[in-house]
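Undergrad: First the structure, then my questions, so here it is.
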Amino acid sequence: MQINDAFKYAKQKLDSSNYRRIDSEILLCSILNCNRTKLYAYPDKVLSFDDKKKYKELINKRSEGYPIAYLTKQKEFWGHTLHINDNILIPRPETELLVEKALKLISIFSLNKILELGTGSGAIAIAIASEKPNVNIKATDIKDNIIKIASKNADLYEIKNIKFVKSNWFSDIKKNNFDLIVSNPPYVSGDDPVLRNSDIRFEPVSALVSGNDGLDDLKKIIRESSNYLKNNGWLVVEHAYDQGTKVRKLFLENKFTPKTIKDYNKLERITFGRLLKKNG
C-alpha cells in the first residue's frame, strides 16, 4: 500500500458525510512521525506491513466516530501539542476564549495568584503560564493519573510556574488566596442527545455531565469561589451556549458582576465577573 492508496482506503471506509482528507492525513502522519508536507512529497512511498496495519486500525476506529485526538493521543491548544488519552476531555477551540479573557484580566489588573479548577490536560493553565511566566498558578484535578499527564505536558514546554494538585474542586485549596479563578467544568445535562449522537460519546462522562441541567458543578464553583478569592478577585467560567442567563444569575446571587462573551458561532460561552468587596 502506497500513501495515495492509503487515502483511497480512508475515503472508502469513512462515511462520505464525515470524510475529511485532513483526518486521514493526520492519522497517517501520527504513524509515520512526519508532517503532512512529506505525504505530498512522497505519494508513492510504500507503507511497511506494520504501518499499513496500524493505519487501517485507526481508520476503522475513526469510521465508528472515535475522535482524532484520542487516536493520535494528542491535541493542539494555544500553540501547544498536548498529550491526552480517553480519560481526558479533548481541549476545544472555544476554550481559548477563556484563556484570552484571563490573560486580559491578568494584564489590566496585575493579577498574580491564579487557580484553575479541573485542569484535565493542563491546557488552560499551560496556555496562561506560557504567556505570563511571572504569575503563580495552581491547577487542580480529582484524579492522580490526569494530574500526571497535565504535569507531563507542562514539562514538555518547560513551564515552571504551575503547581498541579489533587483536589475535588476546592476540597484541598486554601481560602482567601487567589486573584483569579478559572474553570471549564462539566456542563452537559445528563439527558442531552449529544451524549449519544456525536463523537462526544467517546469522551469521559465525568468530564462532561453535571446533573440533570448541566449546572451542578457550575453552581458549586460560583457559590464557593468567593471563599477562595481575595477582595475584588475575578472568576471566569466556560458554560453551554444556553446556560448564559442562569450562570449570570448565579454570579449576581453570589456577589459577582457578570458579563458574558460569545464564541466563534455567536453563542454565549464564557462568563466572567469581579467579586464585590467582602464584608470585614
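Undergrad: Can you give the net charge of the other residues whose Cβ lies under 12 Å from the Cβ of ASN60, counting K and R as +1 and D and E as -1?
TA: Taking every Cβ under 12 Å from that of ASN60, the sum is +4.
Undergrad: Non-local amide H neighbours of GLU268 (under 5 Å, H modeled in plane, Pro and chain starts lacking H): which ones?
TA: For GLU268, the qualifying residues are ASP263.
Undergrad: Let me ask another. Checking the cross-link filter: which aspartates and glutamates have an alpha carbon closer than 17 Å to that of LYS143, excluding same-chain neighbours under 8 positions apart?
TA: Within the straight-line cut-off, LYS143 pairs with ASP86, GLU116, ASP172, GLU203, ASP217.
Undergrad: Place a label point 7 angstrom from the Cα of ASN87 along the Cα-to-Cβ direction, then list the residues of the range 183-208 whose backbone nitrogen is under 14 Å away.
TA: Within reach of a label on ASN87, which here means backbone N under 14 Å from a point 7 Å along Cα→Cβ, the range 183-208 contributes 204-207.
Undergrad: A further question follows. Beyond 27 Å between alpha-carbons counts as too far, so tell me which of LYS104/LYS138; LYS56/LYS166; LYS230/LYS266 fall in that bin. Kindly include the intermediate steps, with their values, before the conclusion.
TA: Working: LYS104/LYS138 19 Å; LYS56/LYS166 38 Å; LYS230/LYS266 32 Å.
Table pairs above 27 Å Cα-Cα are LYS56/LYS166; LYS230/LYS266.
Undergrad: For ASP50, what charge total do you get from the other residues with a beta carbon under 13 Å from its beta carbon, if Lys and Arg give +1 and Asp and Glu give -1? Can you show the working numbers first?
TA: Details: positive: LYS52, LYS53, LYS54, LYS56; negative: ASP51, GLU57.
Charge balance near ASP50 sits at +2.
Undergrad: Which cross-chain or sequence-distant (5 or more) residues have an amide H under 5 Å from the amide H of ILE181, H modelled 1.01 Å from N in plane?
TA: Residues meeting the criterion, in which the H sits 1.01 Å from N, are LEU115, TRP234, LEU235, VAL236.
Undergrad: Taking θ = phi - 60°, what integer Hz values does the Karplus form 6.51 cos²θ - 1.76 cosθ + 1.60 yield along the range 198-209, in sequence order, with x for Gly and Pro?
TA: 9, 4, 4, 5, 8, 8, x, 4, 5, 8, 10, 8
Undergrad: Using a 7 Å offset from Cα along Cα-Cβ at PHE109, what residues in the range 132-155 end up with backbone N under 18 Å from the label point?
TA: Within reach of a label on PHE109: 132, 135-138.
Undergrad: Roughly what % of DSSP beta bridges within the chain run antiparallel, to the nearest 5?
TA: Here the share of antiparallel DSSP bridges comes out near 45 percent.
Undergrad: For a bin width of 5 Å, list the pair-distance distribution of the chain built from all Cα-Cα distances, rounded to whole %.
TA: Histogramming the chain at 5 Å steps yields 1, 5, 12, 15, 16, 15, 12, 9, 6, 5, 3, 1, 0, 0, 0 percent.
Undergrad: Ranking request for peptides 212-221, 106-115, 180-189, 33-42: highest mean number of other beta-carbon atoms within 10 Å first, then the rest in descending order.
TA: Details: 212-221: 18.6, 106-115: 16.4, 180-189: 23.0, 33-42: 12.2.
Final packing ranking: 180-189, 212-221, 106-115, 33-42.
Undergrad: Still on this structure, please answer the following. Just to check I understand the Karplus step: with θ = phi - 60° and J = 6.51 cos²θ - 1.76 cosθ + 1.60, what whole-Hz values come out for the range 164-180, glycine and proline as x?
TA: 8, 9, 7, 7, 8, 6, 9, 4, 10, 10, 6, 7, 6, 10, 10, 8, 8
Undergrad: Moving to a separate point now. Among ASN60, TRP234, PHE49, which residue has its Cα furthest toward the positive end of the charge dipole of the chain, with +1 on Lys/Arg Cβ and -1 on Asp/Glu Cβ?
TA: TRP234
Undergrad: Here's something else I'd like to know. Rounded to the nearest 0.05, what FRET efficiency is calculated for ASN4 and ASN145 with R0 set to 30 Å and r the Cβ-Cβ distance?
TA: Values: r = 40 Å, r/R0 = 1.32.
Computed FRET efficiency for ASN4 and ASN145: 0.15.
Undergrad: LYS262 versus LYS56, label points 7 Å from Cα toward the beta carbon: distance in nm?
TA: Using points 7 Å along Cα→Cβ, the separation is 4.9 nm.
Undergrad: Hey, another quick one. To the nearest 20 debye, what is the magnitude of the charge dipole of the chain about its Cα centre, counting +1 on the Cβ of each Lys and Arg and -1 on the Cβ of each Asp and Glu? Can you show the working numbers first?
TA: Numbers: 47 positive and 35 negative charges, 129 e Å.
Taking the Cα centre of the chain as origin, the dipole is about 620 debye.
Undergrad: Based on the mean of other beta carbon atoms within 10 Å per residue, what is the order of 92-104, 260-272, most packed first?
TA: Details: 92-104: 18.2, 260-272: 16.6.
Top of the packing list down: 92-104, 260-272.
Undergrad: OK, next. Can you compute log10 of I(q)/I(0) for the range 99-230 with the Debye formula, treating each Cα as one identical point scatterer, at q = 0.12 Å⁻¹?
TA: The calculated log intensity ratios at q = 0.12 Å⁻¹ are -0.48.
Undergrad: What translational diffusion coefficient, in µm²/s and rounded to a whole number, does the Stokes-Einstein relation yield for the range 3-64 at 20 °C and a viscosity of 1.002 mPa s, taking the hydrodynamic radius as the Kirkwood radius over Cα pairs? Can you show the working numbers first?
TA: Working: Rh = 11.5 Å.
The Stokes-Einstein estimate is 186 µm²/s.
Undergrad: Within the set of other residues whose C-beta is less than 10 Å from the C-beta of ASN4, count the net charge using Lys and Arg as +1 and Asp and Glu as -1.
TA: Numbers: positive: LYS8, LYS45; negative: ASP5, ASP44.
Here the charged neighbours net out to 0.
Undergrad: Rank by packing, highest mean first: peptides 153-161, 235-243, with packing defined as the count of other Cβ atoms within 10 Å averaged across residues.
TA: Working: 153-161: 16.0, 235-243: 21.1.
Output ranking for 153-161, 235-243: 235-243, 153-161.
Undergrad: Now, a different point. Amide H to amide H under 5 Å from ALA139: which residues, 5+ apart in sequence or cross-chain, H placed 1.01 Å off N in plane?
TA: Sorted by chain and number, the residues that satisfy this are GLU116, LYS163, PHE164, VAL165.
Undergrad: Between LYS277 and SER198, what FRET efficiency comes out of the Förster formula 1/(1 + (r/R0)^6) with R0 = 41 Å and r the beta carbon distance, rounded to 0.05?
TA: Working: r = 44 Å, r/R0 = 1.07.
Efficiency, from the Cβ-Cβ distance: 0.40.
Undergrad: What angle do you read, to the nearest 10 degrees and between 0 and 90, between the alpha-carbon axis of helix 216-225 and the longest principal axis of the chain?
TA: 40 degrees
Read-outs throughout are calculated quantities, based only on the coordinates presented, and are distinct from any laboratory measurement. This one's a predicted model, so the numbers in the text were calculated from it and none came from an experiment. Cβ atoms come from the backbone with ideal geometry, glycine included; neighbour counts cover every protein chain shown.
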